[in-house]
Amino acid sequence: MKKIALGLAVTALLAISAGTAMTAPASAAPIIIRDTVTTPIFEADLTDDCLPGLTGTIVGTDVMSYQSVETAQGFHIQGTFVDTARIDWSDGSYTLIDAVDHFSINAVGQGTSVFTEAHTDSGDFFSADGVFQFRQTFHEIEHVTVTDGVVRVDLERGHFHFFGDC
């Protein structure tokens, strides 16, 4: 799910940035844009280390809600991606997926941009007859500061949790 959400995030953020760059110079009043975009999720031939030899197909929905505020000092974008999906595995088992990303981008000062993202995703794995098998959760936090094209700070921290046995 992380790959799907990040790919959508990059596409959406580039579109948002392009839109804010094309607006007229910021006046005393900030320019505020709010929107929600819903995108279907579909990907076939998935694999999972916990289910060796199986392939799966994921079907679900990604909902991105954001707000962009542009002032004479720069712009700030913050938002959330919420993904819900189901993976059907080739043996009849399935996984229910939930993922949430909170992100922000600040472009202020002389060529300085700051990107922050907090990500959590989880999957509840069930047998073909609907019996809960295990839960896998992943948490990650990223923070990147770029000034004049040079990355000054790049922090990333992530960890997995398992409930039950993979």
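Note on segment 111-133: residues that are in a strand (DSSP E or B), modelled with pLDDT under 90 and over 16 Å from Val100 (Cα atoms) total 4.
Can you tell me which residue within segment 51-83, out of those that are β-branched (Val, Ile, Thr) and under 12 Å from the mean Cα position of the chain (by Cα), is nearest to Ile105 (Cα to Cα)? Lay out the reasoning, then the answer.
Here is the first cut: in segment 51-83, the ones β-branched (Val, Ile, Thr) are 55, 57-59, 61, 63, 69, 71, 77, 80, 82.
From what is left, the residues that are under 12 Å from the mean Cα position of the chain (by Cα) are 63, 80, 82.
On the way: Val63: 18, Thr80: 12, Val82: 18 Å.
Top of the filtered list is Thr80.
For segment 94-105, the count of residues that are closer than 26 Å to Ile32 by Cα and hydroxyl-bearing (Ser, Thr, Tyr) is nonzero. When you scan segment 31-48, do you find a residue that is free of Cβ contacts under 8 Å to residues at least 24 places away in the same chain, assigned to a strand (DSSP E or B) and aromatic (Phe, Trp, Tyr), even just one? Checked against the condition, which is being free of Cβ contacts under 8 Å to residues at least 24 places away in the same chain, assigned to a strand (DSSP E or B) and aromatic (Phe, Trp, Tyr), segment 31-48 yields at least one hit.
Condition check for Glu156 on (1) within 16 Å of the chain's Cα centre (by Cα); (2) closer than 21 Å to Gly74 by Cβ; (3) without any contact (Cβ under 8 Å) to a residue 24 or more places away in the chain: one failure, at (2).
Among residues belonging to segment 89-123 that are farther than 25 Å from Val151 by Cα and in contact with a Gly (Cβ under 6 Å, 6 or more places away or on another chain), point out the one that is surrounded by the most Cβ atoms within 10 Å (Cβ to Cβ).
We begin by selecting, within segment 89-123, every residue farther than 25 Å from Val151 by Cα; these are 89-100, 121-123.
Now narrow it down to the ones that are in contact with a Gly (Cβ under 6 Å, 6 or more places away or on another chain): 89, 95, 97.
Details: Trp89: 20, Thr95: 24, Ile97: 21.
Looking at residues that are farther than 25 Å from Val151 by Cα and in contact with a Gly (Cβ under 6 Å, 6 or more places away or on another chain), I get Thr95.
How about segment 92-110: which of its residues are assigned to a strand (DSSP E or B), over 15 Å from the mean Cα position of the chain (by Cα) and either among the acidic types (Asp, Glu) or under 26 Å from Asp165 (Cα atoms) (or both)? If you could, list the steps in order and put the result at the bottom.
Within segment 92-110, the subset assigned to a strand (DSSP E or B) is 94-108.
If we keep only those that are over 15 Å from the mean Cα position of the chain (by Cα) as well, we get 94-96, 106-108.
Across segment 92-110, the qualifying residues are Tyr94, Thr95, Leu96.
State which residue is surrounded by the fewest Cβ atoms within 10 Å (Cβ to Cβ) when the search covers only segment 126-153 and only residues that are touching a residue at least 60 places away in the same chain (Cβ under 8 Å) and farther than 30 Å from Ser113 by Cα. Walk me through how you get there before you give the answer.
Keep residues of segment 126-153 that are touching a residue at least 60 places away in the same chain (Cβ under 8 Å), which gives 134, 136, 138, 140.
Now drop any that are not farther than 30 Å from Ser113 by Cα, which leaves 134, 136.
Values: Phe134: 15, Gln136: 20.
Here the answer is Phe134.
Among what's in segment 56-79 and is at pLDDT below 95, surrounded by fewer than 20 Cβ atoms within 10 Å (Cβ to Cβ) and of a type in the set (Val, Ile, Thr), pick the residue that is farthest from Asp101 (Cα to Cα). Per the stated criteria, the residue is Thr71.
Scan segment 135-156 for residues that are within 17 Å of Gly109 (Cβ to Cβ) and assigned to a strand (DSSP E or B) and the total you get is 9.
Can you tell me which residues in segment 72-90 are in contact with a Ser or Thr (Cβ under 9 Å, 6 or more places away or on another chain), farther than 24 Å from Thr38 by Cα and not hydrophobic (A, V, I, L, M, F, W, C)? Full working, then the answer.
Taking segment 72-90 and keeping what is in contact with a Ser or Thr (Cβ under 9 Å, 6 or more places away or on another chain), we get 72, 74-90.
Still in the list and also farther than 24 Å from Thr38 by Cα: 72, 74, 89-90.
Within segment 72-90, Gly74, Ser90 meet the criteria.
The values are calculated or read from the model by the stated rules, or taken from the named source; none is laboratory data. None of these values were measured; they are calculated from a predicted model. Neighbour counts are summed over all protein chains in view; Cβ atoms, including those assigned to glycine, are modelled from backbone coordinates with ideal geometry.
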